[in-house]
Amino acid sequence: MKAKIRNLRAAKWQARKTRVVRSMRSSERVQLVIFRSAKHMYAQLVDPETGRTLAGVSTRTPSVSAGLTTTGNLEAAKRVGKAIAELARARNVEAVVFNRNGFLYHGRVKALADAAREAGLQF
């Protein structure tokens, strides 16, 4: 039995999240999963067969956050996108499936995706 979500905003996010995950099940590509909080952006590469994380980067990583005044803006998201694309290349991953994790595709999510594409990741 599913728990009742009393917060309407959380319920809508959960619905988008399950809809996105349902469409990703059939893919055999590595997933680029992102999470966005108010202060930080997180991105990780997940193997679809085992569910294990291959690599991860966030705005909390010292190499990414160096020189940033704040970590919850577009510039920080672009740096995370570029860093995750470099890690993917180091692990011989060229094509991924972008799992936006229920977040709407605009703002920081879009900036991360565009930066990863510019750095050579295909999705």
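When the range 87-103 is limited to residues that are more than 12 Å from SER23 (Cβ to Cβ) and not in a loop (DSSP other than H, G, I, E, B), the one that is farthest from the chain's Cα centre (by Cα) turns out to be ALA90. Tallying residues that are more than 9 Å from ALA115 (Cβ to Cβ), of a type outside the set (Val, Ile, Thr) and surrounded by 21 or more Cβ atoms within 10 Å (Cβ to Cβ) within the range 84-97 yields 1.
Output the residues belonging to the range 98-123 that are modelled with pLDDT of 95 or more, surrounded by fewer than 18 Cβ atoms within 10 Å (Cβ to Cβ) and hydrophobic (A, V, I, L, M, F, W, C). Listed by number, the list holds a single entry, ALA119.
Any residue that is of a type outside the set (S, T, N, Q) and part of a helix (DSSP H, G or I) - is there at least one of those in the range 52-61? The answer is no, given that none of the residues of the range 52-61 is of a type outside the set (S, T, N, Q) and part of a helix (DSSP H, G or I). Residues that are hydrophobic (A, V, I, L, M, F, W, C), in a helix (DSSP H, G or I), in contact with a helix residue (DSSP H, G or I) (Cβ under 7 Å, 6 or more places away or on another chain) and farther than 13 Å from VAL93 by Cβ: does the range 64-71 have at least one? Among the residues of the range 64-71, at least one is hydrophobic (A, V, I, L, M, F, W, C), in a helix (DSSP H, G or I), in contact with a helix residue (DSSP H, G or I) (Cβ under 7 Å, 6 or more places away or on another chain) and farther than 13 Å from VAL93 by Cβ, which makes the answer yes. With respect to the conditions (1) out of contact with any Ser or Thr (no Cβ under 8 Å at 6 or more places or on another chain); (2) under 20 Å from ALA38 (Cβ atoms), ASP114 lacks only one, and its number is (2).
The single condition among (1) within 21 Å of HIS106 (Cα to Cα); (2) of a type in the set (Ser, Thr, Tyr); (3) surrounded by 12 or more Cβ atoms within 10 Å (Cβ to Cβ) that SER37 does not meet is (3). May I ask you to verify whether ASN92 is of a type in the set (S, T, N, Q) and in contact with a helix residue (DSSP H, G or I) (Cβ under 9 Å, 6 or more places away or on another chain)? For ASN92, the condition - of a type in the set (S, T, N, Q) and in contact with a helix residue (DSSP H, G or I) (Cβ under 9 Å, 6 or more places away or on another chain) - is not met.
The values are calculated or read from the model by the stated rules, or taken from the named source; none is laboratory data. From a predicted model like this one, the values you see are computed outputs, not experimental measurements. Glycine gets a Cβ as well: all are built from the backbone with ideal geometry, and neighbour counts include every protein chain shown.
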